[in-house]
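Take a look at the structure set out below.
The values are calculated or read from the model by the stated rules, or taken from the named source; none is laboratory data. Owing to the predicted nature of the structure, the values given are computational and were not obtained by experimental measurement. Neighbour counts are summed over all protein chains in view; Cβ atoms, including those assigned to glycine, are modelled from backbone coordinates with ideal geometry.
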Amino acid sequence: MPLETPWNDWYHCNGNTYGTWLPGDPRGFRTRHHREHVDGDYRNPPPPGANRETFERSKTLLRRVPIHFDPTQREIAANAMVEKLLADEIEAIALSIDDHHFHMLARFRDHRPRHWVGRAKMHSSMILRDYGLPGGAWAVGCRTLPIRDRRHQINVFNYIVKHRQQGAAVWTFRDGPPKTVPNQPSIQPA
């Protein structure tokens, strides 16, 4: 199946923190490359108890506890991700990070959003390590959805901004460059 071409190179990207959405999750899940058929998704979850064994096995395979950001860590992660995207000359216009996942709207002219988002996630993980979070804060990979047209772009932008109402750290192009992430931690680890 051919990949959908994004309108003007814009993508909606989202991903999770480490250990917060595992195979077998009661909210629904997908296997890598859809190798296994799984009923349900986050909008239409599978029946209660379905995939319980898979979920329990996934939890035992975790090498560390799942990562959940407190409000301060959300702000630090958001600033660090935007800082890196802008440094890499990626035109980001909206980003939200809540306790366990992010949403981003950005233009990737080379059509390699996973590469650039991965660099931003790695940068934020290194900054967050200075604030008491162990190792990689983010799950591997991210979901990338091509933007279809201007209307879709505006809808995604508004969707990301609305995450502020649920306690997410939200940055938009209207806020200007992110606050510089300090080198010396002044915040006590959670």
Single residue of the range 140-171 satisfying the filter (among the polar types (S, T, N, Q) and crowded, with 17+ Cβ neighbours inside 10 Å) that is nearest to W21 (Cα to Cα): T144
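Has the range 129-139 got any residue that is part of a helix (DSSP H, G or I), at pLDDT 95 or above and either out of contact with any helix residue (DSSP H, G or I) (no Cβ under 8 Å at 6 or more places or on another chain) or surrounded by fewer than 17 Cβ atoms within 10 Å (Cβ to Cβ) (or both)? Let's see the steps before the verdict.
Filtering the range 129-139 down to residues part of a helix (DSSP H, G or I) leaves 129.
Within this subset, residues satisfying the condition of being at pLDDT 95 or above are none.
The answer is no, given that none of the residues of the range 129-139 is part of a helix (DSSP H, G or I), at pLDDT 95 or above and either out of contact with any helix residue (DSSP H, G or I) (no Cβ under 8 Å at 6 or more places or on another chain) or surrounded by fewer than 17 Cβ atoms within 10 Å (Cβ to Cβ) (or both).
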D70 being without any contact (Cβ under 8 Å) to a residue 40 or more places away in the chain and either assigned by TED's automatic domain parsing to the domain that holds V140 or of a type in the set (D, E, K, R) (or both): no
Verdict on R164 being under 17 Å from D99 (Cα atoms), of a type in the set (D, E, K, R), assigned by TED's automatic domain parsing to the domain that holds H103 and at pLDDT 95 or above: yes
